[in-house]
Amino acid sequence: MKKIHTPSIGFVSLGCPKAASDSELILTRMRAEGYVITGSYKEADLVVVNTCGFIDSAVAESLEAIGEALQENGKVIVTGCLGAKGDVVKNAHPKVLAVTGPHATDEVMEAVHRHLPRLHDAYSDLVPAQGIRLTPSHFAYVKISEGCNHSCTFCIIPSLRGGLVSRSVGEVMQEAQSLVDAGVKELLVISQDTSAYGVDVKYRTGFWGGRPLKTRLTELADSLGDLGAWVRLHYVYPYPSVDEVIPLMAEGKILPYLDIPFQHANERILKLMKRPASSENVLKRIQHWRSVCPDITLRSTFIVGFPGETEEEFEELLDFIEEAQLDRVGAFKYSPVEGAAANALPDHIDPDVQEDRLAQLMYLQEEISAEKLAKKIGRTMQVLVDDVDEEGSVARSAADAPEIDGLVYINGEQLAVGEFVTVRITDSDEHDLWGEVIN
């Protein structure tokens with residue numbers, strides 16, 4: 001019987017007790033995954049060097065240790081404080097396999113997995129690299145954080161899911177890369193508050209592909225845009241920092257699409273909701289976004305009939321909808337949720353009044369949508385095919401998120417699901433487009 005080779009790893013740990021603690025975490029993960037830890041360069045399949053970069057002598061010692069490991073073994077992964085100092089390691093030793101900073105157990109293990117796969121695992125090996133997905137194979141949701149730090153009075157998410165916890169930027173990028181490698185054509189970035197990504201870790205610098213990468217939405221979106229798939233941002237809270245991602249859309253790095261729930265336009269109602277309370281500033285920002293990226297699609301959601309909403313305040317919301325000319329709008333009647341602070345507010349709105357206000361808002365938005373879509377007739381655009389039936393193919397444009405926005409119908413064409421095609425738009429209605437393939 002052929003003897004199975006168990007992957008073995010050499011480990012060099014330099015620096016202070018904090019670095020030693022990091023080493024312990026990494027070594028624990030390695031042993032838990034079945035790797036053998038060896039003290040011999042010759043017996044190791046690769047070597048991990050945990051470096052120190054606090055003072056010049058520590059930098060020199062670390063670079064010397066990396067050089068020795070490369071000479072004696074040849075396959076080296078570098079982690080630790082020196083890895084956080086830009087390209088110092090790569091400039092001195094360009095042949096290292098990967099470089100991460102300190103506190104980077106996940107990133108180190110991702111690098112180990114790339115260059116020294118684990119033995120067959122009867123459980124995990126049944127799972128494809130992209131994981132088990134409930135979406136079709138050509139698009140996938142990528143959750144970048146959990147929880148929320150806001151206290152919107154109509155919402156109980158923080159009490160259900162806790163405060164904001166951002167995922168490691170390297171882990172997010174690895175998941176996205178695995179999805180794209182598996183054939184995913186569209187990555188939909190989601191969280192409770194996408195704009196807040198990294199706030200909880202003070203935008204800590206992580207690592208991806210051996211290079212530092214800040215745990216922040218702008219840098220994440222930029223890097224996701226390098227993977228070759230559509231990247232669509234959802235649930236973006238209207239922080240000022242959102243302005244920074246608009247140029248990425250103009251450059252074609254990510255889709256010119258922003259899902260940003262404004263919820264209302266009246267300042268008093270927004271304050272009761274504990275939301276940003278300046279519709280005037282919002283309109284100016286929308287104007288600015290469109291000046292930077294004229295093709296941007298703006299989707300938002302609104303709540304009508306919030307406790308205490310007067311007829312005048314609702315009319316102010318309608319005026320905002322008219323002036324903002326948003327591309328996609330979802331609206332909901334306020335409904336009490338057990339545990340939400342808004343339940344205790346006075347002057348809850350009669351359900352019939354709520355229903356009437358919802359109808360008015362949606363009628364107005366349908367008129368806006370129909371007019372905006374009609375202007376697309378005659379244009380050419382790239383679409384992604386979602387479905388094929390006896391009548392033809394059903395696709396989506398960059399302006400359409402799956403299951404919530406419109407569709408592009410391509411009659412008489414049996415295309416492949418997950419295929420990108422270029423179409424010329426021939427017709428439209430209040431929500432959808434029709435097009436023909438340009439050969």
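A few remarks follow.
- Candidate set: the stretch 272-294, residues that are assigned to a loop (DSSP other than H, G, I, E, B) and modelled with pLDDT under 95; chosen: the one most open to solvent (accessible area, probe 1.4 Å): Lys274
- Count - residues of the stretch 247-265 that are modelled with pLDDT of 95 or more and surrounded by fewer than 20 Cβ atoms within 10 Å (Cβ to Cβ): 5
- Within the stretch 415-433, being over 18 Å from Ser137 (Cα atoms) and open to solvent by 10 Å² or more (accessible area, probe 1.4 Å) holds for Thr422, Arg424, Thr426, Asp427, Ser428, Asp429, Glu430, His431, Asp432.
- Of the residues making up the stretch 369-402, those that are outside any loop (DSSP other than H, G, I, E, B), open to solvent by less than 40 Å² (accessible area, probe 1.4 Å), more than 13 Å from Gly418 (Cα to Cα) and touching a strand residue (DSSP E or B) at 6+ places or on another chain (Cβ under 6 Å) are Leu373, Met381, Gly392.
Table: residues versus (1) over 16 Å from Val78 (Cα atoms); (2) modelled with pLDDT under 90; (3) assigned to a loop (DSSP other than H, G, I, E, B); (4) among the hydroxyl-bearing types (Ser, Thr, Tyr).
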residue: Ile9; (1), (2), (3), (4): no, no, no, no
residue: Val12; (1), (2), (3), (4): no, no, no, no
residue: Ala20; (1), (2), (3), (4): no, yes, no, no
residue: Leu25; (1), (2), (3), (4): no, yes, no, no
residue: Thr28; (1), (2), (3), (4): yes, yes, no, yes
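- Residues of the stretch 210-237 that are open to solvent by 20 Å² or more (accessible area, probe 1.4 Å), assigned to a loop (DSSP other than H, G, I, E, B) and within 17 Å of Ser145 (Cα to Cα): Arg216, Tyr235, Tyr237.
- Any hit, the stretch 6-21, residues being under 19 Å from Glu171 (Cα atoms) and open to solvent by 10 Å² or more (accessible area, probe 1.4 Å): no
- Every test in (1) of a type in the set (D, E, K, R); (2) modelled with pLDDT under 95; (3) part of a helix (DSSP H, G or I) is passed by Glu315 save one, and that test is (2).
- Note on the stretch 142-193: residues that are hydrophobic (A, V, I, L, M, F, W, C), in contact (Cβ under 8 Å) with a residue 40 or more places away in the chain and outside any helix (DSSP H, G or I) total 13.
Residue by residue, here is whether (1) on the phi > 0 side of the Ramachandran plot; (2) among the charged types (D, E, K, R); (3) open to solvent by 60 Å² or more (accessible area, probe 1.4 Å); (4) at pLDDT 85 or above holds:
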{"site": "Pro117", "(1), (2), (3), (4)": "no, no, yes, yes"}
{"site": "Asp125", "(1), (2), (3), (4)": "no, yes, yes, no"}
{"site": "Ser137", "(1), (2), (3), (4)": "no, no, yes, yes"}
{"site": "Tyr141", "(1), (2), (3), (4)": "no, no, yes, yes"}
{"site": "Ser151", "(1), (2), (3), (4)": "no, no, yes, no"}
{"site": "Ile156", "(1), (2), (3), (4)": "no, no, no, no"}
{"site": "Gly162", "(1), (2), (3), (4)": "yes, no, no, no"}
{"site": "Val165", "(1), (2), (3), (4)": "no, no, yes, yes"}
{"site": "Val169", "(1), (2), (3), (4)": "no, no, no, yes"}
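- All of Ile269, Ile303 fail the test of being outside any helix (DSSP H, G or I) and either basic (Lys, Arg) or crowded, with 22+ Cβ neighbours inside 10 Å (or both), apart from Ile303.
- Only one of the numbered conditions (1) open to solvent by 20 Å² or more (accessible area, probe 1.4 Å); (2) touching a Ser or Thr at 6+ places or on another chain (Cβ under 9 Å) is violated by Ala340, and that is (1).
- Test result for Asp243, of a type in the set (D, E, K, R), surrounded by fewer than 16 Cβ atoms within 10 Å (Cβ to Cβ) and either assigned to a helix (DSSP H, G or I) or within 18 Å of the chain's Cα centre (by Cα) (or both): yes
- Members of the stretch 72-116 that are over 23 Å from Arg31 (Cβ atoms) and assigned to a helix (DSSP H, G or I): Cys81, Leu82, Ala84, Val88, Val89, Lys90, Asn91, Ala92
- Any hit, the stretch 323-335, residues being open to solvent by 60 Å² or more (accessible area, probe 1.4 Å) and in contact (Cβ under 8 Å) with a residue 40 or more places away in the chain: yes
- Scanning the stretch 37-63 for residues that are β-branched (Val, Ile, Thr) and open to solvent by 60 Å² or more (accessible area, probe 1.4 Å) yields a count of 2.
- Residue within the stretch 357-368 that is in contact (Cβ under 8 Å) with a residue 60 or more places away in the chain, in contact with a strand residue (DSSP E or B) (Cβ under 6 Å, 6 or more places away or on another chain) and basic (Lys, Arg) present: no
The values are calculated or read from the model by the stated rules, or taken from the named source; none is laboratory data. As the structure is a computational prediction, the values presented were derived from the model and not from experiment. Don't worry about glycine lacking a Cβ; one is built from the backbone with ideal geometry, like all the others, and counts go over all protein chains shown. SASA here: full protein model, heavy atoms, side chains in, ligands and nucleic acids out. Shrake-Rupley method; radii C 1.70, N 1.55, O 1.52, S 1.80 Å.
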